Amino acid sequence: MGRLDDRVIIVTGGAQGIGLAYCKGLAAEGAKVVVADIDKAGSEAAVGELGEAGTDALAVVGDVSNPEDTEEMARATMERFGRIDGLINNAAMFQRPAMSRVPFDQIPVEEWDRLMAINLRGVFLCCRAVVPHMKDQQSGKIVNISSGTVYFGSTNLLHYVTSKAGVIGLTRGLARELGDFNINVNAIAPGLTISMDESNDVRSGMNQQRIQARALKRSEVPEDLVGAAVFLCSSESDFMTGQTMVVDGGAQMH
Ligand SMILES: NC(=O)c1ccc[n+]([C@@H]2O[C@H](COP(=O)([O-])OP(=O)(O)OC[C@H]3O[C@@H](n4cnc5c(N)ncnc54)[C@H](O)[C@@H]3O)[C@@H](O)[C@H]2O)c1
């Protein structure tokens, strides 16, 4: 028996990287998984892989910053599975698509707006789309993906750090609004995680420094984040809401 047997969980940005690891980890605990991603080929490949492993999975292609697309994400999930038990808000402008890594006054205004639309408005829109169904069920688990950069105060990505700090504020406020409906809202703040082929990762130099800053001195990989996601989607976290779990090998302690 799995810890998430028959729970229906949507993972935005689930086509690859850490999102795909969440999908596989949730599926391994018995969940039915909806891969919601802007990348059509990637989502379909992910669902194919999950299906081969015996998981009932659905791909929904859309842009989390677009209200019609997020409504369609919830509608398609309800049509296929008849319920929504969890939502992991993982999609972001980060590596895919890549953001600029420059001093704050060189961030193009258009990129600031686009990043906020995906990383912050997208979380709001996805929550707005699924919460009516969770309220009907009188249960639900929302997990928002923030970032350790908020605690670290990382430089040369101010739009990103600001958006991920916003995710923590959204998590706290929404947790209080939804407590009466038995809906938990929590966040995970990953540390620097090798989520793509290191030869393509602009951060591979930074990784060595980050390893030295950790209590647990090794690279962080997507699978390191799966346990926190499974826990926050399971009944084991039923009395926990409004919290942010930092999963970074002890680089930040709060
Ligand atoms: N990798 C890290 O070091 C790290 C550290 C801290 C936090 N995070 C956060 O974890 C999450 C996953 O990280 P990752 O490294 O796997 O990211 P990634 O950039 O590799 O993948 C992002 C995924 O989101 C999808 N996506 C992008 N824009 C979208 C949109 N508008 N609508 C729908 N889907 C969209 C992409 O297609 C991709 O599948 C992100 O929220 C990221 O900010 C990552």
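The values are calculated or read from the model by the stated rules, or taken from the named source; none is laboratory data. Predicted model, so just to flag it, every value in this text is computed and none were measured. Methodologically, a virtual Cβ is constructed for each residue, glycine included, from the backbone with ideal geometry; neighbour enumeration extends over all protein chains shown. Keep in mind that these areas ignore ligands, DNA and RNA; they rest on the heavy atoms of the full protein, side chains included. Shrake-Rupley method; radii C 1.70, N 1.55, O 1.52, S 1.80 Å.
Data overview
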| read-out | value |
| --- | --- |
| Which numbered condition Leu20 misses (of (1) assigned to a helix (DSSP H, G or I); (2) more than 26 Å from Asn184 (Cα to Cα); (3) touching a Pro at 6+ places or on another chain (Cβ under 9 Å)) | (2) |
| Candidate set: the stretch 155-188, residues that are closer than 20 Å to Arg114 by Cα and among the hydroxyl-bearing types (Ser, Thr, Tyr); chosen: the one farthest from the ligand (Cβ to nearest atom) | Thr155 |
| Enumeration of residues in the stretch 237-254 that are within 20 Å of Asn89 (Cβ to Cβ) and either free of Cβ contacts under 8 Å to residues at least 24 places away in the same chain or open to solvent by 40 Å² or more (accessible area, probe 1.4 Å) (or both) | Asp238, Met240, Thr241, Gln243, Met245 |
| Any hit, the stretch 94-114, residues being touching a residue at least 24 places away in the same chain (Cβ under 8 Å), open to solvent by less than 20 Å² (accessible area, probe 1.4 Å) and under 20 Å from Ile188 (Cα atoms) | no |
| Residue among Gly205, Gly148 that is closer than 21 Å to Gly249 by Cβ and either open to solvent by 50 Å² or more (accessible area, probe 1.4 Å) or more than 12 Å from the ligand (Cβ to nearest atom) (or both) | Gly205 |
| Number of the exception - Ile88 against (1) open to solvent by 10 Å² or more (accessible area, probe 1.4 Å); (2) of a type outside the set (Phe, Trp, Tyr); (3) under 22 Å from Pro190 (Cβ atoms) | (1) |
| Residue ranges of strands (runs of 3 or more DSSP E) in the stretch 136-254 with at least 3 members touching a Ser or Thr at 6+ places or on another chain (Cβ under 7 Å) | 183-190 |
| The listed residue being of a type in the set (D, E, K, R), over 23 Å from Gln16 (Cα atoms) and touching a residue at least 12 places away in the same chain (Cβ under 8 Å), out of Arg218, Arg214 | Arg214 |
| Subset of the stretch 28-62 (residues that are in a helix (DSSP H, G or I) and open to solvent by less than 20 Å² (accessible area, probe 1.4 Å)) | Gly42, Ser43, Ala46, Leu50 |
| Close pairs from the stretch 160-188: first within 18 Å of Phe239 (Cβ to Cβ), partner open to solvent by 40 Å² or more (accessible area, probe 1.4 Å), Cβ under 6 Å, at least 6 apart | Ala175/Thr241; Phe181/Lys135; Asn182/Gln138; Asn184/Thr241; Val185/Thr241; Asn186/Gln243; Ile188/Met245 |
